[in-house]
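The next block holds one structure in the form of structure tokens; read it before the comments.
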Amino acid sequence: MSVKIITDERCTGYSREGHPERPARISTAVERLKKQTELPLDWAAPGAVEDAQILRAHSSELLARLQIPHDIDGDTPFYENIAGAARASAGAALGALKAARVGETVFSLMRPPGHHATRDRAMGFCYLNNIAIAVLEALVTGSKRVATFDFDVHHGNGTEAILLNRPGCACFSVHQFPCYPGTGAANAGDNCFNYPVAPGTPRETFRAILGRALSDLNNFRPDLIAVSAGFDAYAGDPLADGTLLAEDFHWLGQSLRGLGVPFFSLLEGGYSQDLPELIFAYLKGVESGKRSFNHG
Ligand SMILES: [Zn+2]
């Protein structure tokens, strides 16, 4: 069975010199995936996203802000047509949701990432919260219990803020603390579970914490899992002090597949030159894990 990769050139059409969240993150990963022959791939373009779908997660003020040609903050510049790029990334998340529901293995290889964007504020390289938009879409279109799993090294503060105390969903985030954005030290509300990892935590311990989060997620008994797949907990990443190796991302993919629940993954962070290898390792893990779908 092939792995569906959702991507298109809209996500490499903007950049600022020196910014770590750069087009090469996607273009080198696309090149790597096109070069390999181990995994059969099925390439797809993102679909459209309606304002109404975005506005379940965000205020109309945030959508309007993306049209104003001033930087939002130092991390989150204004780019010409950033609104279009952010909408394409959100559209890819919705496409990934659809694919997961029909039992496909799917990965959204897009930028900008989304998990730091809150209801009212773009921040941390993120403009629209792709995962929250997809989860809220899932909840109004038949999913009863949706879990998010966020293994980006940074806390998914935006996802937490948007989905806090929403019936039918639960958020599980494993991240370095202390680290940007400074949140995620403890659980929040009745449905957001945080697993802070100290900077430089030995790899085995880091992996045990990931395993605990996955076990708690499994106990929530989700019928769908939305994964914020960030690869910046990698030992070689320049933005944080994680200790994970490529084989740990392979293991994560395998473990998620092993839960036997439909899931989709969206690229969040990951800033090292090895990002293509880390994504490839994850996808191989997803594809090799035990599959036992109960279509949800
Ligand atoms: Zn990150």
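Confirm whether residue 260 is in a helix (DSSP H, G or I), away from the ligand (no atom under 14 Å from the Cβ) and either more than 23 Å from residue 179 (Cα to Cα) or over 13 Å from the mean Cα position of the chain (by Cα) (or both). No, not satisfied. Filtering 283, 252, 210 for residues that are hydrophobic (A, V, I, L, M, F, W, C), within 16 Å of the ligand (Cβ to nearest atom) and either assigned to a loop (DSSP other than H, G, I, E, B) or in contact with a strand residue (DSSP E or B) (Cβ under 6 Å, 6 or more places away or on another chain) (or both) leaves a single hit, 210. Scanning the stretch 138-160 for residues that are touching a strand residue (DSSP E or B) at 6+ places or on another chain (Cβ under 9 Å) and not in a loop (DSSP other than H, G, I, E, B) turns up 138, 139, 146, 147, 148, 149, 150, 157, 158, 159, 160. Is one or more of the residues making up the stretch 264-279 in contact with an Asp or Glu (Cβ under 6 Å, 6 or more places away or on another chain), part of a helix (DSSP H, G or I) and either in contact (Cβ under 8 Å) with a residue 40 or more places away in the chain or of a type outside the set (Val, Ile, Thr) (or both)? Scanning the stretch 264-279, I find no residue that is in contact with an Asp or Glu (Cβ under 6 Å, 6 or more places away or on another chain), part of a helix (DSSP H, G or I) and either in contact (Cβ under 8 Å) with a residue 40 or more places away in the chain or of a type outside the set (Val, Ile, Thr) (or both), so the answer is no.
Quick grid of which residues meet (1) surrounded by 15 or more Cβ atoms within 10 Å (Cβ to Cβ); (2) closer than 23 Å to residue 93 by Cβ; (3) among the basic types (Lys, Arg):
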site	(1), (2), (3)
206	yes, no, no
212	no, no, yes
224	yes, yes, no
230	yes, yes, no
238	no, no, no
246	yes, no, no
249	yes, yes, no
256	yes, yes, no
289	yes, yes, no
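Read-outs: derived from the displayed coordinates by stated rules, not from any lab. Computed from a predicted model, the values in this text were never measured in an experiment. Glycine also receives a Cβ, built like all others from the backbone with ideal geometry; neighbour counts cover every protein chain displayed.
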